[in-house]
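Shown next, in structure tokens, is the structure this report addresses.
The values are calculated or read from the model by the stated rules, or taken from the named source; none is laboratory data. Small disclaimer: the values here were computed from a predicted structure and weren't measured. A quick note on method: Cβ atoms are made from the backbone with ideal geometry, for glycine too, and the neighbour counts reach across all protein chains shown. Please note that ligands, DNA and RNA were not included when accessible areas were found on the heavy atoms of the full protein model with its side chains. Shrake-Rupley method; radii C 1.70, N 1.55, O 1.52, S 1.80 Å.
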Amino acid sequence: MPAEPAIAPAELEAIRRSRRRPRWSQFDCLHMRRLVGDLEDALRRVPGPVRDVLDVYCGSRPYDDLFPAAANVVGLDVVENPYGVADVVSDEFLPFEDASFDLVACIEAFHYVDDPQRGIAEIRRVLRPGASVLISIPLVWEYNRTILEHRYTGPELKALLDGWDDVEVVENGGRVVAWATLTGTLLERVRTRIPDAFGAGRVLRSLWAPLYVLLNAAAMALDRLDERHASGPMTLPMNLLVTARRPPG
């Protein structure tokens, strides 16, 4: 049974929009644009037929429209999630029968899985032979000191999926996107702490939108230069996305 939402419908739609169709005036615009673009590319390459999809830790479900149109998408989330849009609410990781899905996606949430080896084994269990997994995770991002979170490099993700077919890791934005997002995060922390004395706070906070537009525009130009001249084995992606297929048979 879906949980009752703890947030208003208008707030839920705003969250979905900021994840799916980020605006230039939001602090993490470049990060989200790169993530959405790479999700679209990766999902287009998933071999069919895709009839049943599992969205693990689905959150506000901003990416439902990216999955194959004819697929049945099941959203799973934990009991304390505030969104109220998951089809299955459980603190058990993947409470489903074996070979139930043609695609399992875990977008920006696998780093919360306590035991990643067991998590990958469970994903493999619920996938049908030859079916696909898609996982995206942050690398350069703040974390919560009170809970367990993981960070992974590209080679670590490949090692987790050792024995799978067609393993591919994509970097969602490089150094410039990471810099722009972290700079935007610092600016956003300042914006949200501006006091609302005598109505001046609202006016001051409204000035942040054009500031974010300038930051994102400058970072986009720098990112093109960074991509053009990038070389060597060293890298610093904002985010990583990995896809793989469960071996048939």
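Quick notes on this structure:
- Heavy-atom accessible surface of the chain, averaged per residue, reaches 53 Å², computed with a 1.4 Å probe.
- Close amide H pairs (under 5 Å, H built 1.01 Å from N) link Arg51 with Asp102, residues at least 5 positions away or on another chain.
- Overall form of the chain per C-alpha gyration tensor (a/c, 1.5; a/b vs b/c): oblate
- For the chain, the share of accessible area belonging to carbon and sulfur comes to 56 percent (1.4 Å probe, ligands and nucleic acids excluded).
- Given R0 = 25 Å, the distance between the Cβ atoms of Ala221 and Asp41 translates into a calculated FRET efficiency of 0.65.
- Using the Cβ-Cβ distance between Thr185 and Ala99 with R0 = 41 Å, the FRET efficiency computed as 1/(1 + (r/R0)^6) comes to roughly 0.50.
- Over all other residues within a Cβ to Cβ distance under 14 Å of Arg17, the charged ones net out to +2, with Lys and Arg as +1 and Asp and Glu as -1.
- Placing +1 on each Lys and Arg Cβ and -1 on each Asp and Glu Cβ, with no other charges, gives the chain a dipole about its Cα centre of roughly 1040 debye.
- Peptides ranked, highest mean first, by Cβ atoms within 10 Å: ranges 88-101, 163-176: 163-176, 88-101
- Mean-position separation - Cα centroids, the range 40-112 and the range 210-226, in angstrom: 32 Å
- Computed over the chain, relative contact order equals 25 percent, with contacts defined as Cα pairs under 8 Å that lie 6+ residues apart.
- Each label was represented as a point 7 Å from its Cα along the Cα-to-Cβ direction; for Thr235 and Val89 these points are 3.9 nm apart.
- Annotation: the antiparallel percentage among DSSP beta bridges lying fully within the chain is about 45.
- Dipole of the range 84-158 computed with +1 at Lys/Arg Cβ and -1 at Asp/Glu Cβ about the Cα centre; of Ala109, Phe93, Pro155, farthest Cα towards the positive end is Pro155.
- Trp24-Glu149 pseudo-label distance in nm [points 7 Å out on the Cα-to-Cβ vector]: 3.0 nm
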